[in-house]
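The values are calculated or read from the model by the stated rules, or taken from the named source; none is laboratory data. Here the structure is a predicted model, which means the values were calculated and not measured. A quick note on method: Cβ atoms are made from the backbone with ideal geometry, for glycine too, and the neighbour counts reach across all protein chains shown.
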Amino acid sequence: MQSSDPTKKKSSGVKRLVALVSVLVAALGAAGFYFSDSLANIRQLSAEAPHDKVSLALGREPLAALAMIALDQKFFDAAGVDVTVKKYNSGALSLKALLAGEAPVATAADIPIAFESLSRQDFAIVATIGSSDNEGRIVARKDRGIQTPADLRGKRIATQKSSAVHFFLHMFLLQHGMTAGDVQLSFMKPDELVKALVKGDIDAFSMREPFASQAMQPLGDNGVVFTQPGLYRKTFSLVVRNDLLKQNPRVVQRLLEGLAQAEAFALREPEKAKDILARGLEAKPAEVAQLWKDSNLMVSLDQSLLVGLEDEAKWIIGSKLSDINQAPSYLDMIHVDALKAVNPVMVSLIH
Amino acid sequence: MNIRKKLYLNAVLPLALVASIGVVLYMTGRYVSDVTAQERVAADLVKGVFELTTVADEYLLNHSERAQRQWGMKHQSLGQLLSELRSKEQVEEAILARVRSEHQGIRTTFSELTANYEKAAKNQQRQATLAQKQAEVPAVISTGKKVVPNPALQEVVAEQDQAKREAATLRELDTRLVNQLLSKSQAMVSGGLQLARINQNKVTQTERNAALAIFGFVLLTGLGISATSLLINRSVVRPIGQVKQGTEIVAKGNIDYRLGIRTKDEIGDLARTFDQMLDNLKQTTASRDELNRANEELKNSTSALIQSEKMASIGQMVAGVAHEINTPLAYVRSNVEIVKDQMDQTKRMIDAYEELAQALTSGADEKSLGEKFNRVNAMAAEFRESNTVEEVKDLLARGLSGLDQIRELVLNLKNFSRLDRERVTGFNLNEGLDNVLQLAKPVLKSKVKVVKEYGEIPFIACSPSQINQVFLNIITNAAQAIDEDKGGTILIKTARTGDNVQIIIRDNGRGIPPEVLPKIFDPFYTTKKVGEGTGLGLSISRKIIEEHGGAIQAQSAIGKGSIFTITLPSAGAVVELRKRA
């Protein structure tokens with residue numbers, strides 16, 4: 001029995017189909033080319049090149065939360081950079097470590113940066129990673145007659161020199177009509193402050209969490225904590241040595257990419273983020289909850305950083321805390337290109 | 001899917017795609033509108049922060065109460081705006097949270113700043129009072145003999161120093177607070193700008209996405225329409241082409257062809273039915289071929305039978321003819337024998353005459369001459385007495401008559417089978433009937449009286465031998481229907497009826513039973529004994545008549561006889577018929 005043989009017709013049909021698909025693919029290709037900017041925006045840095053390696057001097061401060069999250073969640077790794085962490089009790093110490101050549105990248109607050117920038121300008125701020133205007137704590141012993149801030153006059157008060165808590169103490173005293181000259185000011189390392197206060201070597205100290213809580217625990221009712229929300233807006237930044245910026249600017253972009261992912265994680269999973277911070281600070285979750293509330297964790301660069309640094313430099317010079325009496329150009333010490341490449345929206349600093 | 005659904009889909013799909021594009025455009029428009037609204041709000045926020053900063057700057061310059069009030073109003077309205085702002089995006093909400101936080105912080109800083117300014121103003125006033133007091137208080141006082149510095153003045157101076165220190169502290173705090181205010185203002189501006197940029201990017205991105213979506217949907221629409229058209233082409237147009245091609249192939253006679261379309265739609269149904277029809281047709285054709293073969297065989301058999309019938313008829317006829325010939329031949333022969341015998345007597349007389357003549361010429365004696373003369377006379381007298389000459393003449397005359405009968409019979413026979421099956425254009429039926437009657441004489445015998453009522457009829461175009469065969473058959477049947485002991489009549493009547501010629505052959509024999517009458521023209525139907533008839537005589541007769549464009553009918557009544565009516569078209573009518581054909 002014969003049957004119809006549509007091979008010829010079939011092949012012509014297939015040809016037509018192939019032609020149609022080719023036209024559509026060409027059209028889609030043209031569209032893809034036209035919209036390539038959109039596609040470029042979603043590219044991943046990690047996919048482009050082999051991993052970089054870098055050491056990070058991490059100041060274990062509440063405002064370093066994004067760095068802690070990025071490390072914990074391996075966001076730096078995902079962004080294509082293997083980070084070796086060196087932990088320090090404060091941003092001031094980690095900045096010193098950077099300047100000592102222990103790590104090319106550090107996290108530090110505005111005051112240490114302002115202090116160190118007077119003598120050295122071989123580093124740059126690449127992004128602010130957090131800010132808070134309620135971080136400073138004055139912890140005092142009641143048995144030394146300190147019940148109110150005014151009672152601090154003439155007392156032995158210690159703090160970490162050239163740090164944000166130093167500036168906070170200055171502001172706090174001013175707020176209450178005092179200057180450094182009205183108290184017996186001394187300087188110590190963060191972990192020494194707690195011991196000294198508990199031991200009674202000093203009457204009060206100016207510090208932040210978790211040290212304030214660490215001191216209050218043994219002092220119990222004998223301790224008193226003074227805060228002043230809104231008095232001083234502290235910023236915390238990622239600082240990079242210039243030689244690294246010059247040699248491998250890509251690693252900085254990758255670090256910022258990892259921090260941006262950490263920022264998204266903190267917004268998405270705040271409870272997990274708080275746990276990570278608590279572990280990083282070795283603090284209790286309750287303490288961290290208040291810190292979290294007072295912190296703005298965001299990778300950005302804005303004009304307030306410049307204003308703050310310049311004012312703080314004036315304070316340092318005016319208070320004769322440094323031998324140098326000339327502040328550098330902070331605009332030149334802020335590197336905007338890396339963050340601009342990663343997230344241009346978050347760069348509002350006029351440059 | 002059937003064709004109706006496919007066509008419905010073809011009509012609806014582009015509509016659905018266009019509707020989808022409409023929905024995408026509408027949604028995009030709405031989204032762009034929302035994002036634009038957010039962008040405006042972000043712009044309002046930035047504007048508000050700038051205004052707040054401007055008023056703060058004004059306050060910082062002249063510390064006016066109006067500027068302080070305006071700052072409070074602006075801060076409040078900004079707070080209102082911030083409290084109303086909500087975003088679904090986590091990043092935007094985080095920026096908003098930061099701006100709100102800065103907004104609260106800046107209030108504290110501004111309050112501290114104004115409080116500090118009031119303190120500074122009081123300090124200034126105090127210092128002025130102290131300066132005045134210092135001017136009024138004498139520098140020294142005399143205590144009897146001694147003039148000593150005025151302790152009151154010293155107190156005033158100490159107070160002045162304290163006031164100056166406080167002023168320095170207040171100035172320092174003022175400086176720090178101003179910078180804090182600036183820093184926080186900048187942070188708020190940054191937040192506002194970031195929100196604005198995010199929203200700008202969203203608008204740009206949304207517009208791009210919308211363009212991409214529209215482009216994609218247009219492509220999809222094209223693809224969808226093309227795909228549907230291709231689908232319909234593949235599943236409708238092409239199968240229709242296959243069906244058309246198939247029908248053409250089948251129309252050319254190839255009934256082995258099959259469409260083989262297995263789609264589950266109307267065309268598939270049509271193709272299956274078509275293929276089924278071809279299967280049936282093939283079976284029917286096979287049956288038809290078989291029938292044709294059978295028919296052919298039957299035809300051959302029929303021809304054989306017809307031939308056999310014809311041979312039987314001829315045999316019968318020949319028997320009659322032989323008889324007819326035999327009878328005159330017998331007496332011709334008898335007469336000839338008598339004549340031959342007579343010829344012996346004549347020879348003896350001639351011999352006697354020759355002896356007498358020889359004796360006369362040879363001069364024989366008288367005695368012998370007398371004897372011989374007497375013998376001749378005696379023989380002549382005997383010859384005369386026996387009337388031999390008359391007898392021989394009579395015998396020869398009757399012999400001639402017999403020979404004439406034979407000649408006529410042979411002529412009739414010749415006429416009967418004239419040209420056999422060849423058609424002639426002008427045949428006289430009356431003559432034909434006469435011929436047949438002649439040939440049928442042996443059958444008719446003496447018991448049947450034949451009455452001829454021949455009318456004036458036109459010649460017809462026919463095959464005479466076939467028509468004669470019909471007449472012979474019917475007349476023979478009629479004769480056989482007449483009982484020998486009773487005798488009977490066969491009436492043969494011819495007449496013209498319009499363009500036709502009618503021949504009626506009626507007998508008054510036994511007649512045909514009513515149950516037999518309808519079957520008499522059926523092939524192989526016979527009431528005769530086996531071997532006597534083939535049952536084909538009347539069947540063949542009807543066939544012959546019908547082939548001549550005529551008709552044959554039979555009527556009969558038991559005991560009264562039968563009437564066979566034959567109608568044949570006249571020669572002119574046949575010519576007319578041919579012309580029409």
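Looking only at region B:160-180, residues that are in contact with an Asp or Glu (Cβ under 9 Å, 6 or more places away or on another chain) and either of a type in the set (Asp, Glu) or in contact (Cβ under 8 Å) with a residue 24 or more places away in the chain (or both) come to 4 in all.
Give region B:553-571 a look and list any residue that's touching a strand residue (DSSP E or B) at 6+ places or on another chain (Cβ under 8 Å) and not in a strand (DSSP E or B), or say none. So that I can check it myself, show each step before the final result.
Of all residues in region B:553-571, those touching a strand residue (DSSP E or B) at 6+ places or on another chain (Cβ under 8 Å) come to B:553-556, B:561-571.
Scanning region B:553-571 gives B:Ser570, B:Ala571.
In region A:164-188, what residues are in contact (Cβ under 8 Å) with a residue 40 or more places away in the chain, within 14 Å of chain B (Cβ to nearest Cβ) and either touching a Lys or Arg at 6+ places or on another chain (Cβ under 7 Å) or β-branched (Val, Ile, Thr) (or both)? Break it down stepwise before answering.
Going through region A:164-188, the residues in contact (Cβ under 8 Å) with a residue 40 or more places away in the chain turn out to be A:164-168, A:170-172, A:175, A:180.
If we keep only those that are within 14 Å of chain B (Cβ to nearest Cβ) too, we end up with A:164, A:166-168, A:170-172, A:175, A:180.
Listed by number, the residues that qualify are A:Ala164, A:Met171.
Looking across B:Ser83, B:Ser87, B:Ser101, one residue alone is among the hydroxyl-bearing types (Ser, Thr, Tyr) and either surrounded by fewer than 17 Cβ atoms within 10 Å (Cβ to Cβ) or touching a Cys at 6+ places or on another chain (Cβ under 8 Å) (or both). It is B:Ser83. Within region B:358-385, residues that are assigned by TED's automatic domain parsing to the domain that holds B:Gln342 have Cβ atoms under 8 Å from residues that are among the basic types (Lys, Arg) and surrounded by 10 or more Cβ atoms within 10 Å (Cβ to Cβ) in these pairs: B:Ala359/B:Lys372; B:Ala364/B:Lys372; B:Met379/B:Arg348, counting only partners at least 6 apart in sequence or on another chain.
Considering the conditions (1) part of a helix (DSSP H, G or I); (2) more than 9 Å from every other protein chain (Cβ to nearest Cβ), B:Arg165 is excluded by exactly one of them, (2).
Please enumerate the residues belonging to region A:281-303 that are within 30 Å of A:Leu118 (Cβ to Cβ), in a helix (DSSP H, G or I) and either more than 9 Å from every other protein chain (Cβ to nearest Cβ) or under 15 Å from the mean Cα position of the chain (by Cα) (or both).
Step one: list which residues in region A:281-303 are within 30 Å of A:Leu118 (Cβ to Cβ), which gives A:281, A:291, A:294-303.
Narrowing further to those that are in a helix (DSSP H, G or I): A:281, A:291, A:294, A:303.
Listed by number, the residues that qualify are A:Leu281, A:Leu291, A:Asp294.
Among the residues making up region A:69-101, those that are under 25 Å from A:Thr159 (Cα atoms), assigned to a helix (DSSP H, G or I) and either among the acidic types (Asp, Glu) or under 14 Å from the mean Cα position of the chain (by Cα) (or both) are A:Gly91, A:Ala92, A:Ser94, A:Leu95.
Each row is one residue, and each column tells you yes or no for (1) among the charged types (D, E, K, R); (2) surrounded by 18 or more Cβ atoms within 10 Å (Cβ to Cβ).
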site	(1), (2)
B:Ala163	no, yes
B:Val189	no, yes
B:Leu212	no, no
B:Lys244	yes, no
B:Glu248	yes, no
B:Ala251	no, no
B:Gly268	no, no
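Please verify whether region A:189-197 includes one or more residues that are free of Cβ contacts under 8 Å to residues at least 60 places away in the same chain, within 19 Å of A:Glu61 (Cα to Cα) and in contact with a strand residue (DSSP E or B) (Cβ under 7 Å, 6 or more places away or on another chain). Yes, that holds for at least one residue. Apart from one condition, B:Thr204 fits all of (1) among the β-branched types (Val, Ile, Thr); (2) farther than 30 Å from A:Val299 by Cα; (3) part of a helix (DSSP H, G or I); the exception is (2).
Which of the residues belonging to region B:256-283 are of a type outside the set (S, T, N, Q) and in a loop (DSSP other than H, G, I, E, B)? Before you say what the answer is, go through the steps one by one.
If we filter region B:256-283 for residues that are of a type outside the set (S, T, N, Q), which is where we start, we get B:256-262, B:264-272, B:274-275, B:277-279, B:281-282.
Scanning region B:256-283 gives B:Asp256, B:Leu259, B:Gly260, B:Ile261, B:Arg262, B:Lys264, B:Asp265.
Of the residues making up region A:223-270, those that are within 12 Å of chain B (Cβ to nearest Cβ) and either aromatic (Phe, Trp, Tyr) or closer than 30 Å to B:Arg176 by Cβ (or both) are A:Thr227, A:Gln228, A:Pro229, A:Gly230, A:Leu231, A:Tyr232, A:Arg233, A:Lys234, A:Thr235, A:Glu263, A:Phe265. Checking every residue in region A:122-133 against the condition of being surrounded by 17 or more Cβ atoms within 10 Å (Cβ to Cβ), away from chain B (no Cβ under 14 Å), out of contact with any Ser or Thr (no Cβ under 9 Å at 6 or more places or on another chain) and in a loop (DSSP other than H, G, I, E, B) gives zero matches. Residues in region A:312-351 that are farther than 18 Å from A:Gln261 by Cα and away from every other protein chain (no Cβ under 14 Å): 11 in all. Checked against the criteria, B:Ile3 does not count as in contact with a Phe, Trp or Tyr (Cβ under 6 Å, 6 or more places away or on another chain) and under 26 Å from B:Ser226 (Cβ atoms). Note on region B:192-211: residues that are within 8 Å of chain A (Cβ to nearest Cβ) and either over 60 Å from the mean Cα position of the chain (by Cα) or closer than 29 Å to A:Leu305 by Cα (or both) total 5. Given the structure, is B:Ala94 in contact with a strand residue (DSSP E or B) (Cβ under 9 Å, 6 or more places away or on another chain) and part of a helix (DSSP H, G or I)? In short, yes. Evaluated against (1) surrounded by 18 or more Cβ atoms within 10 Å (Cβ to Cβ); (2) within 30 Å of B:Leu298 (Cβ to Cβ); (3) at pLDDT 90 or above, B:Asp507 falls short on exactly one condition, (2). Taking (1) part of a loop (DSSP other than H, G, I, E, B); (2) within 14 Å of another protein chain (Cβ to nearest Cβ); (3) surrounded by fewer than 17 Cβ atoms within 10 Å (Cβ to Cβ) in turn, B:Asp57 satisfies each apart from (1).
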